[in-house]
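My questions will all concern the structure given below.
The values are calculated or read from the model by the stated rules, or taken from the named source; none is laboratory data. Computed from a prediction, not measured in an experiment: that's the story for all the values here. Backbone-built Cβ (ideal geometry, glycine too); neighbour counts: all protein chains shown.
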Amino acid sequence: GATSYHLRQLAEAGLVEDAPELGKGRERWWRAVHEGAIFESADFLTHTDPEVRGAIGVVLHEVATTHAQELNTWLGTMSEWPQEWRQSSDMSDFKVRLTPELARELSAKLHAVVESYRDVVPEDTEGSAVVRTHLHTFPRPSE
């Protein structure tokens, strides 16, 4: 019903594609097709359609779950990677006091740094790998 509708909308936007090899019988599976996503604001919270708000909320929670799963997969398999890759990985977090404007500026600068590396290494470069970088910037109650 509603889930299928929203998945088709995401497909039209180029965010997901049908994955028929994963489904059995009448099951329909989808997969992400993008090389990254930027959710710059929480404007969806005020969208007039509650189904859209709900669908986007589900997507954001799935993104957070995927980020955690990817990190856990790395932690569980990092011993299988060469020393060079193990030494190049990073898991950091920072607590910084900012205004909303400075938080937006920080996010924009971090995005620009990551984007500057996107096309530096050709796909067939020996010793290269796809590297995942997760960025999360959000306020916390005062500590």
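In the range 25-65, how many are surrounded by fewer than 14 Cβ atoms within 10 Å (Cβ to Cβ) and at pLDDT below 75?
12
Can you name every residue in the range 70-79 that is of a type in the set (S, T, N, Q) and exposed (fewer than 11 other Cβ atoms within 10 Å of the Cβ)?
Just the residues of the range 70-79 that are of a type in the set (S, T, N, Q), to begin with: 72-73, 77, 79.
N72, T77, S79 - these are the residues of the range 70-79 that are of a type in the set (S, T, N, Q) and exposed (fewer than 11 other Cβ atoms within 10 Å of the Cβ).
Looking at (1) under 21 Å from the mean Cα position of the chain (by Cα); (2) farther than 30 Å from Q9 by Cβ; (3) surrounded by 11 or more Cβ atoms within 10 Å (Cβ to Cβ), find the lone condition where R86 falls short.
(1)
I'd like to verify a number: residues in the range 95-143 that are in a loop (DSSP other than H, G, I, E, B), under 22 Å from A42 (Cα atoms) and not polar (S, T, N, Q), how many?
Count: 11.
What is the residue count in the range 125-143 for residues that are of a type in the set (D, E, K, R) and at pLDDT 95 or above?
Let us first name the residues in the range 125-143 that are of a type in the set (D, E, K, R), namely 126, 132, 140, 143.
Adding the requirement that they be at pLDDT 95 or above leaves 126.
So the answer is 1.
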